[in-house]
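K.L.:
Please read through the structure below; I'll follow up with questions.
The values are calculated or read from the model by the stated rules, or taken from the named source; none is laboratory data. Keep in mind that what you see is a predicted model, and the values were worked out from it rather than measured. So basically every Cβ, Gly included, is an ideal-geometry build from the backbone, and we count neighbours across all protein chains shown.
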Amino acid sequence: MQNRLEMLRIYCAAVEAESFKEAATRLGTSPQAVTRAVQEAEALVGEILFHRNTRRVRATEVGEAFAHRARDLVQQMDELLKPKDSKSDAEIAGPVRLTAPKSIGERFLMPAFARLAEKHPRIMLDLRLSDAISDPIAEHIDIGVRIGFMRDSRFVVRRASRVGFSVIASPKLIARVGKPADLAGLALLPTTGFVDRNTGRPWPWQFSNGQQFTATNLTLQTDDADCECRAVVAGVGFGQIVSYLAQPLLRAGKVVSVLDDLAPEPWPVYVYRPQRGPVPARIRLVFDAMLAALEKSELQYGPHVSG
């Protein structure tokens, strides 16, 4: 097929040029290669396609008609086989199915998506915000964001940032029940829980040296991170909150952090996509935009603000 396509390309150049030599110069090939392409075309069509004399060549009526059809075919094949990187902004189009934790998507990705929509209006972003761990293969996810560790070889993974965790409570709750000195003391105090949608149970709290804590004295549990933050600020209980939600509350003096010496190592935040062979330009574009947005955001785990 490639040889036939090249033959048609050379033939069309020959029709447009004053001579086979001129056509060869335009294409960076030899006059003999042009002659061979014309002869092959004539053999396939079964007609004389060029009038030839000592001064010039020109296409016959049949040759002109054949060239018209050949140009359309060459253009269509070039468009079909065009490298994805060569597509212009206007040509990048199609759906991109995304998933991300709700709080990350709303805070850090939506501005990037708005810019993408303005520059590439033919891309359709299908965004699913959920704190449940999705199955990207089964759910046909193109790009996702995940907090935690990923070791699945089916994915192309890039670390975008990292987040920490803080145990926080409102000043009025601490004034009423006091601060815990250790995990045993924490177990006696009212706490909130963030529900893992995959299991229906609260996530265990993470602490240094791999320690985990399962809150038993729950006063509220929810599957919405912002709702849990509001409950903690209102004095409902102590909560272990991800850093990008906790830090603004700490800076504003709305909450106080406790057990800072037991804080766990920050967790990585990844942007990933399944490995599915050739990657469309729109997928690469959105992947890079999401990665850049998270790398530059306040998501990055920063200096701790203690109370």
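K.L.:
Select, from 243, 208, the only residue that is surrounded by fewer than 19 Cβ atoms within 10 Å (Cβ to Cβ) and not hydrophobic (A, V, I, L, M, F, W, C).
P.N.:
208
K.L.:
Could you tell me whether residue 251 is basic (Lys, Arg), touching a residue at least 24 places away in the same chain (Cβ under 8 Å) and more than 20 Å from residue 169 (Cα to Cα)?
P.N.:
So residue 251 fails the test.
K.L.:
Checking the condition in a helix (DSSP H, G or I), among the polar types (S, T, N, Q) and closer than 29 Å to residue 210 by Cα, which residue from 103, 134 passes? It would help to see each step written out before you state the result.
P.N.:
Details: 134 fails: in a helix (DSSP H, G or I).
Criteria check complete, one pass: 103.
K.L.:
Being surrounded by fewer than 16 Cβ atoms within 10 Å (Cβ to Cβ) and free of Cβ contacts under 8 Å to residues at least 60 places away in the same chain is the filter here; which residues of region 104-128 pass it?
P.N.:
106, 110, 114, 117, 118, 119, 121, 122, 124, 126, 127, 128
K.L.:
So if I check each of 9, 97, which one is buried (at least 17 other Cβ atoms within 10 Å of the Cβ), modelled with pLDDT of 90 or more and of a type in the set (D, E, K, R)?
P.N.:
97
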